[in-house]
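Below is one structure, written out as C-alpha cells; the observations come after it.
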Amino acid sequence: MGRSLLGIEDLDRAGIERILDRAVAFQPHGGPTFAKVNTCTGMMVVNAFFENSTRTRSSFEIAAHRLGADTLSITAAGSSVAKGESLVDTLNTLSAMRPSVIVMRHQASGAPHFLARHLSTPIVNAGDGTHEHPTQALLDARTILDRCGRLEGLRVVIIGDILHSRVARSNIFLLSKFGASVALCGPPALLPREMAAMAAGVEIEYDMRRAVRGADVIMMLRVQLERIHEPPMQAGEYFRFYGLRQEHVDLAHPDVIVMHPGPLNRGREISSEVADSQRSMILNQVENGVPVRMAVLERVLLP
Ligand code: CP
C-alpha cells in the first residue's frame with residue numbers, strides 16, 4: 001500500500017506527530033491565507049468523492065493548490081459510475097491517467113483499503129463508510145493542540161451517533177495513542193457497549209450530564225440518518241437527551257472546548273447558542289483542514 005494514508009489505526013504516534021507538526025508551518029498565523037509553498041509543483045491530485053462533501057473535498061483542493069499541485073475533482077453523480085461502471089474500473093481508469101495521488105471518499109467501509117492493494121497510485125482515505133476519516137481526526141488533534149497545548153491527560157467526551165461515525169473511530173484511535181481519556185456517550189441504539197473495546201480505557205456513559213462533567217473537550221457528532229433505516233428517536237426527543245446545550249457546557253471544565261466535524265444539525269445534536277459561542281472550535285476545525293491536508297499530501301507525495 002506504499003505511501004497511502006488509509007487510517008489512524010495503522011499510523012504510529014511518531015508518524016502522526018510529523019503530520020501535526022508540519023501542519024503548523026502551513027497555518028495562517030494571523031495572515032490572510034495559508035502558506036503557498038509549491039513543494040508539489042507538477043504533481044496531480046485527483047479528488048474522487050463518491051459521497052457528498054463540503055469541507056473535506058474543498059480543503060483537499062485548496063491544500064493541493066497551496067502545494068503547487070494540479071487537481072481534478074470527480075463525483076459519483078458526474079462520472080460514469082452513474083452509468084453503472086464499477087468502482088474498480090473507475091479507479092483503474094483514473095489511475096491510468098497517472099495522477100500522483102487519489103483522494104477518495106466512499107460509502108463502503110474498506111473501499112480505499114481494497115483499492116490501495118490493487119492500484120499503484122497512492123490513496124488517501126477521505127472517509128470510508130462507518131470505518132475511518134483519518135484526516136478529520138488529524139485536524140481535530142491539531143485544533144485541540146492549538147487550544148489546549150496537549151492531548152495527554154485530557155478528558156475528551158464524544159457524544160452522538162458513535163455507531164455510524166468514522167470520525168469517532170479515527171478520533172478514538174488517535175486520542176488513545178496520545179494518552180487522552182476518551183468517554184463515549186449516546187443513545188444505546190447508537191452506542192453498543194462493545195465499542196468500549198476499540199481502545200484501552202475507553203468509557204461508555206449513556207447519561208449526558210454525567211458524561212460532560214469535567215470534560216476538557218466535548219466533541220459532538222451528527223446523527224448519520226443516511227446510514228440508519230429507522231432513527232431511534234425523533235429530532236426533538238434526541239435533542240432533549242443528547243443535544244448539547246449551555247447547561248451541559250456549564251458542567252464541563254471551565255476552559256472546555258466544543259467541537260463538531262460538521263455538517264451540523266442545529267437543534268438536533270447542538271444548540272445554536274453553543275455552536276456559535278466562544279467555546280466553539282467548529283470553524284477552527286474547518287480552518288485546520290487545509291494545513292493538515294497539506295501536510296498529509298506532502299507526506300504521500302514527497303519521497
Ligand atoms: N467533516 C466532514 O467530513 O465534512 P464534509 O462531509 O463536508 O466533508
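The values are calculated or read from the model by the stated rules, or taken from the named source; none is laboratory data. A quick note: this is a predicted structure, and the numbers were derived from the prediction, not measured. Quick reminder, even Gly has a Cβ in these numbers, built from the backbone with ideal geometry, and neighbours come from all protein chains shown. Protein only, heavy atoms only, side chains kept; ligands, DNA and RNA dropped before computing areas. Shrake-Rupley method; radii C 1.70, N 1.55, O 1.52, S 1.80 Å.
Summing Lys and Arg as +1 and Asp and Glu as -1 over all other residues whose Cβ lies under 10 Å from the Cβ of Tyr238 gives a net charge of -1. For segment 1-46, the Kirkwood radius over C-alpha pairs fed into Stokes-Einstein at 25 °C and 0.890 mPa s yields D = 188 µm² per second. Here the dipole of segment 134-280 is about 200 debye; that uses its Cα centre as origin and unit charges on the Cβ of Lys and Arg (positive) and Asp and Glu (negative).
Annotation: segment 183-233 has a Kirkwood hydrodynamic radius of 12.2 angstrom, from the mean reciprocal C-alpha pair distance.
Placing unit charges on the Cβ atoms of the charged side chains and taking the dipole of segment 211-303 about its Cα centre, the candidate lying farthest along the positive direction among Tyr238, Gln224, Val256 is Gln224.
For the chain, the fraction of 1.4 Å probe accessible surface lying on carbon and sulfur atoms is 50 percent. Computed over Cα pairs, the Kirkwood radius of segment 1-157 leads via Stokes-Einstein (0.692 mPa s, 37 °C) to a diffusion coefficient of 197 µm² per second.
Give the separation of the Cα centroids, segment 187-213 to segment 1-61, in Å. The two parts, judged by their Cα centres, are 30 Å apart. For segment 107-159, the alpha-carbon coordinates run over 40, 24, 14 Å along the three principal axes, in decreasing order.
Given their separation in residues at 0.36 nm each and the Cα-Cα distance between them, Arg299 and Ala25 gain 97.3 nm when the chain is fully extended. Taking a span of 27 Å or more along the helix axis (Cα atoms) and a mean Kyte-Doolittle hydropathy of at least -1.0 as the rule, the DSSP H helices of the chain that qualify are 282-301. Using the Stokes-Einstein relation with a Kirkwood hydrodynamic radius computed over Cα pairs, the translational diffusion coefficient of segment 1-87 at 37 °C and a viscosity of 0.692 mPa s comes to 215 µm²/s. For the chain, the solvent-accessible area of protein heavy atoms averages 42 Å² per residue (probe radius 1.4 Å; ligands and nucleic acids excluded).
With an 8 Å Cα cut-off and a minimum separation of 6 or more residues, compute the relative contact order for the chain in percent. Averaging sequence separation for qualifying contacts and normalising by length gives 21 percent for the chain.
Across segment 179-240, the mean sequence separation of Cα contacts (distance under 8 Å, 6 or more residues apart), normalised by length, yields a relative contact order of 29 percent.
Debye-formula intensities of the chain, expressed as log10 I(q)/I(0) at q = 0.10, 0.13, 0.15 Å⁻¹, are -0.53, -0.90, -1.18 (one equal scatterer per alpha-carbon, no solvent).
Could you compute the net charge surrounding His164? Neighbours are other residues with a C-beta less than 14 Å from the C-beta of His164; K and R count +1, D and E count -1.
Once positives and negatives cancel, what remains is -3.
For segment 134-280, the equivalent ellipsoid derived from the Cα gyration tensor has semi-axes of 21, 18, 14 Å, listed largest first.
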